[in-house]
Amino acid sequence: MKTDFKDRVEKAYESISSLVTRKPRIGMILGSGLGGYISEFKGEEIGFSSIEGFPKTTVEGHKGIYKLGDGVVVQAGRFHFYEGYSMDDVILPVFLLRKMGIEILIITNASGGINEAFRAGEFILIKDHINLMGTNPLIGVNFPEYGPRFPDMTEAYSKRLRENVKSAVGNELKEGVYAGLTGPSYETPAEIRMLKAIGADMVGMSTVPEVIAANYLGIEVLGISCVTNMAAGILEKPLSHEEVIETTKRVEKEFAKLIERITEVVKKI
Ligand code: HPA
């Protein structure tokens, strides 16, 4: 984190604090192609553009809004490292969510399936991650009032939340380890073989920095990944962003149902 990061967080929060009338306990970040859920979610809207110091969003299909509902705040749109944003930019929304009052973060993403038991269109609970982004968002100045210099990552994805969700939603919900790479190129088949060998079940280009930030801030995390395609070399066909979008569109309704169910479970915890 850079020296001015604490200031950025505070300014960002101050610019919208009057709109945060009811403190949400749960925050949700919607991943690539999964942002459509926000239109179903009832709440007061805050656009990224009205938040001081928030970078401009670039990727299509990432709306860049918050909606504040009953105990829950949903974020559609995020800042990816591959877009050229700094790690400070990438984790700023997590700090803002913390400032809003969240204690639990439900984070979602699109990923490539490495585990051959997975299928495109399937939702997987993230049980752990492997940071392969070549950096860490907490490098730099530490702000002890926010978190420790050396945060524990033993249970980066809360076991308690996973167990509760599995028993309520159905124990058939699979779990997997998510490998986070910078992108934006997809992986080579050799890289996917390596990821498999080191214990990854799915691969993507987000989530890892935000989850590190959330753990630093003492936020409990629940991660859900939508496998949008099988990873490179698993099937004999090239990967495309179109396929990712197509899959998320196909499972949009199922995703909304799952996320609503999960929110209800988490609200009761
Ligand atoms: N690789 C990396 N990121 C992804 C993929 C993939 O196969 N699918 C969706 N996001």
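So who's got an amide H within less than 5 Å of the one on Lys127, skipping anything under 5 residues away but keeping other chains? H placed 1.01 Å off N, in plane.
Counting only residues 5 or more places away or on other chains, the set is Gly176, Val177, Tyr178.
What number do you get for segment 123-206 when its Cα radius of gyration is normalised by 2.2 N^0.38 Å, N = residues?
Segment 123-206 yields a ratio of 1.30.
Which order do Phe41, Phe150, Phe81 fall in if you start with the one that has the fewest other Cβ atoms within 10 Å?
In order of increasing Cβ crowding within 10 Å: Phe150, Phe41, Phe81.
Rank these for me by crowding, Val141, Val73, going from fewest to most other beta carbons within 10 Å.
Lowest to highest Cβ neighbour count: Val141, Val73.
With a point put 7 Å past each Cα toward its Cβ, work out how far Glu116 is from Lys159 in nm, to one decimal.
Going from the Glu116 label point to the Lys159 one covers 3.1 nm.
Each residue of segment 116-122 in order: what ³J(HN,Hα) in whole Hz does its phi give by Karplus 6.51 cos²θ - 1.76 cosθ + 1.60, θ = phi - 60°, with x for Gly and Pro?
Calculated HN-Hα couplings, in order: 6, 7, 8, 10, 4, x, 8 Hz.
How much net charge surrounds Ala200 when only other residues with a Cβ under 15 Å from its Cβ are counted (Lys, Arg +1; Asp, Glu -1)?
Neighbour charge sum, excluding Ala200 itself: -2.
Rounding to the nearest 20 debye, state how big the charge dipole of the chain is about its Cα centre with +1 on each Lys and Arg Cβ and -1 on each Asp and Glu Cβ.
The calculated dipole for the chain is roughly 540 debye.
Can you give me the convex hull volume of the Cα atoms of segment 65-126, divided per residue and expressed in Å³?
Here the figure is 124 Å³ per residue.
Mind computing the radius of gyration and Dmax over the alpha-carbon atoms of segment 1-156? Å is fine for both.
16.0, 48
Give the angle, between 0 and 90 degrees and rounded to the nearest 10, that separates the Cα long axis of helix 159-169 from the longest principal axis of the Cα atoms of the chain.
Around 70 degrees separate the two axes.
Between exposed GluC sites (Glu not before Pro) in the chain, where DSSP calls loop and at most 12 other Cβ atoms lie within 10 Å, what's the longest gap?
173-235
Gaussian network model of the chain, Cα springs within a sub-10 Å range: biggest mean-square fluctuation belongs to which of Asn229, Asn109, Asn131?
Largest GNM mean-square fluctuation: Asn131.
In segment 109-160, which chymotrypsin sites (Phe, Trp or Tyr not before Pro) fall in coil by DSSP and have 12 or fewer other Cβ atoms within 10 Å?
Listed in order of number, the matching sites amount to none.
Beyond 34 Å, what share of the Cα-Cα pairs of segment 5-268 remains, rounded to the nearest whole percent?
Summing the P(r) tail past 34 Å for segment 5-268 gives 11 percent.
To test your reading of the geometry: what angle, between 0 and 90 degrees and rounded to tens, separates the Cα axis of helix 252-268 from the longest principal axis of the chain?
Taking the Cα atoms of the chain, the angle to 252-268 is about 50 degrees.
Mind checking segment 139-196 for trypsin sites (Lys or Arg not before Pro) that DSSP puts in a loop (not H, G, I, E or B) and that have at most 13 other Cβ atoms within 10 Å?
When the trypsin sites (Lys or Arg not before Pro) of segment 139-196 are filtered for loop state and at most 13 Cβ neighbours within 10 Å, Arg149 remain.
If the viscosity is 1.306 mPa s and the temperature 10 °C, what translational diffusion coefficient in µm²/s does Stokes-Einstein give for segment 160-251 when Rh comes from Kirkwood over Cα pairs?
Estimated diffusion coefficient is 106 µm²/s.
What is the order of Met87, Met28, Met153, fewest Cβ neighbours within 10 Å to most?
Placing the least packed residue first, the sequence is Met153, Met87, Met28.
A short reminder: the numbers here are calculations on the coordinates, not readings from a lab. Source: prediction; values computed, not measured. Using ideal geometry, Cβ is built from the backbone for each residue, glycine included, and neighbour counts are taken over all protein chains shown.
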